[in-house]
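The values are calculated or read from the model by the stated rules, or taken from the named source; none is laboratory data. Since this is a predicted model, take the numbers as computed values, not measurements. Because the Cβ atoms are built from the backbone with ideal geometry, glycine has one as well, and the counts that use them run over all protein chains shown. Ligands, DNA and RNA are excluded from the accessible area calculation, which covers all protein heavy atoms including side chains. Shrake-Rupley method; radii C 1.70, N 1.55, O 1.52, S 1.80 Å.
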Amino acid sequence: MLKKAKTLEDIYNSFQGNKPLSEDEHDFFINIYDKKLKRFIGNIKRNEVYQNIFFIAGQSGNGKSSILNNLKRESDIFGRYDIRHFEAKQFRSHDNIDIVDILLIIGFDLLDNSRLDGAKTKKLKDEFEEKLTQLQQVNDNELQLTSTESNKENAKLGADTKVSTGFNFFNFFTAKQDFTATYTIDSDIREEAKKIYQFKTKDLLDIINSLIKTYKRLSNTDKEILFILDGLEKLNNNDSIDDIFTKDISILQNIECYKIVTMPIYLKNRVDSSISPIDFTMEIDKNTNKIKNINILKDVIDSRLENKELITPKAIEFIIEKSGGNIRQLLNIISKASTEALDILESEIIDIPEVESALEQIGGNLSTRVQFKSEFLEKVKENHKIDEEDKSSLAECLRDGLVYAYFNGQAHYGLNPIVKDLL
């Protein structure tokens with residue numbers, strides 16, 4: 001549980017930027033996006049159409065997960081929902097997440113986190129298993145037919161030859177386990193599932209929608225299911241992620257529950273024109289390339305300090321400048337500066353020298369990636385925009401925190417200030 005820092009030792013933990021605020025840490029939540037967040041909340045409140053997915057565009061460190069965690073506790077916003085919050089980081093070791101994964105995860109989550117009694121949960125599980133197995137059998141029969149046709153000439157395949165993926169949902173469902181965890185961890189299961197269902201996504205969608213309807217009927221409640229899919233922008237397979245928001249977008253839209261989905265910021269203006277993602281990015285003054293409202297970032301720092309004397313005003317200004325408006329980097333600079341003060345400079349407060357020492361350490365960790373992408377980074381530094389052929393480099397640099405995205409009506413890209421010092 002987060003606590004306000006009374007000492008430099010406290011700062012190390014109180015300013016960890018790699019952990020989003022939980023629902024229980026609402027007192028530390030600062031609304032840094034003001035009008036954008038108000039629009040987002042207003043649209044969620046009034047929406048009654050499943051197809052209206054609420055997309056949040058952003059990059060790692062912009063505070064999206066903290067926003068979602070803290071909004072969930074607001075009963076007037078989310079009280080009418082049965083919330084299912086899935087973190088895509090569970091797939092971090094298998095980055096080729098696709099629409100098949102998303103559909104199956106919704107089904108598995110209904111089983112793993114069922115609000116039903118044992119008998120009703122079993123009924124739900126049996127229905128899901130039966131329909132998935134039937135669809136697998138259809139797929140196996142088609143594989144058999146295809147294989148037979150391709151081998152007619154040598155007649156090596158007899159009439160009774162069975163061609164199968166080798167994956168059996170019966171075995172998967174009979175084991176006593178956490179279905180979601182098993183599926184996300186076991187790459188063999190996932191790959192076999194994709195072989196079965198990757199060309200049957202419409203059929204799989206029908207199965208999931210039927211399961212949702214059964215769950216709601218058995219629940220005997222007016223609450224609608226809200227599926228939150230968070231963290232796709234952190235995964236590495238750009239092509240796989242892009243497909244979810246382009247060629248598979250109609251499948252995602254037609255899942256019959258309400259949905260909030262985070263997406264990579266570079267896709268904000270590249271998806272279907274009927275989709276209007278809201279971006280959680282800071283705004284900058286285009287003449288000076290500086291963050292417009294630095295006072296809100298001062299509030300973020302102040303909210304975590306009980307002893308306000310631990311960081312000097314000049315150091316706070318310097319930290320905000322070097323954060324580039326990225327909340328994760330802002331917090332991590334302060335956390336690292338506290339250890340530099342304690343272990344290296346033997347100081348009792350964080351001032352400019354402690355921050356400079358922290359920036360040197362953080363910059364060292366980024367230096368190799370900066371060297372590999374130096375040509376592209378120079379281009380961003382000069383033009384603050386990218387061309388179509390640079391999409392892959394942009395996606396990688398946004399994910400790695402080398403480039404930051406800002407939206408003041410249109411896209412504006414800038415270098416992480418620490419990166420700028422390394423070029």
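In the set [x] 75, 61, 50; [y] 86, 46, 44; [z] 79, 52, 42, which value of Cα extents along the principal axes in Å was calculated from the structure you see?
Among [x] 75, 61, 50; [y] 86, 46, 44; [z] 79, 52, 42, the one derived from this structure is [z].
Between 36, 194, 314, where does the largest GNM mean-square fluctuation fall for the chain, given springs only between Cα atoms within less than 10 Å?
Highest fluctuation among the options: 314.
Hand me the trypsin sites (Lys or Arg not before Pro) from the stretch 219-301 located in a DSSP loop with no more than 16 other Cβ atoms within 10 Å, in residue order please.
223, 247, 270, 286, 292
For residue 383 and residue 137, FRET efficiency with R0 = 51 Å and r from the beta-carbon atoms, rounded to 0.05?
That pair, residue 137 with residue 383, gives E of 0.40.
To the nearest 0.05, how large is the calculated FRET efficiency for residue 408 and residue 18 if R₀ is 35 Å and r is the Cβ-Cβ distance?
0.80
Please work out how much length the chain gains when fully extended from residue 288 to residue 314, using 0.36 nm per residue of separation minus the C-alpha to C-alpha distance, in nm with one decimal.
Full extension from residue 288 to residue 314 adds 7.4 nm.
Of the candidates 24, 279, 299, which one comes out as most mobile in a Gaussian network treatment of the chain with C-alpha springs shorter than 10 Å?
Fluctuation is largest for 24.
Which GluC sites (Glu not before Pro) in the stretch 1-68 pass both tests, a DSSP loop state and at most 14 other beta-carbon atoms within 10 Å?
48
Please give the Cα centre distance for the stretch 182-233 versus the stretch 340-361, rounded to the nearest Å.
49
What is the ratio of the Cα radius of gyration of the stretch 1-62 to 2.2 N^0.38 Å, with N the residue count, to two decimals?
For the stretch 1-62, the normalised Cα radius of gyration is 1.51.
Could you give the accessible area per residue of the chain, probe 1.4 Å, as a whole number in Å²?
Value for the chain: 48 Å² per residue.
In whole percent, how big is the carbon plus sulfur part of the accessible area of the chain, probe 1.4 Å, protein atoms only?
45
For the chain, modelled as a Gaussian network with Cα springs under 10 Å, which listed residue fluctuates most, 311, 225, 41?
Judging by the Gaussian network model, the answer is 41.
Can you compute the charge dipole magnitude of the chain about its Cα centre, using +1 on each Lys and Arg Cβ and -1 on each Asp and Glu Cβ, nothing else charged? Give it in debye, rounded to the nearest 20.
So the magnitude is around 1140 debye.
Which GluC sites (Glu not before Pro) does the stretch 267-334 hold that lie in a coil by DSSP with at most 13 other beta carbons within 10 Å?
306
Sorted from largest down, what three extents in whole angstroms do the Cα atoms of the stretch 168-296 have along their principal axes?
Principal-axis extents of the Cα atoms in the stretch 168-296, largest first: 62, 38, 29 Å.
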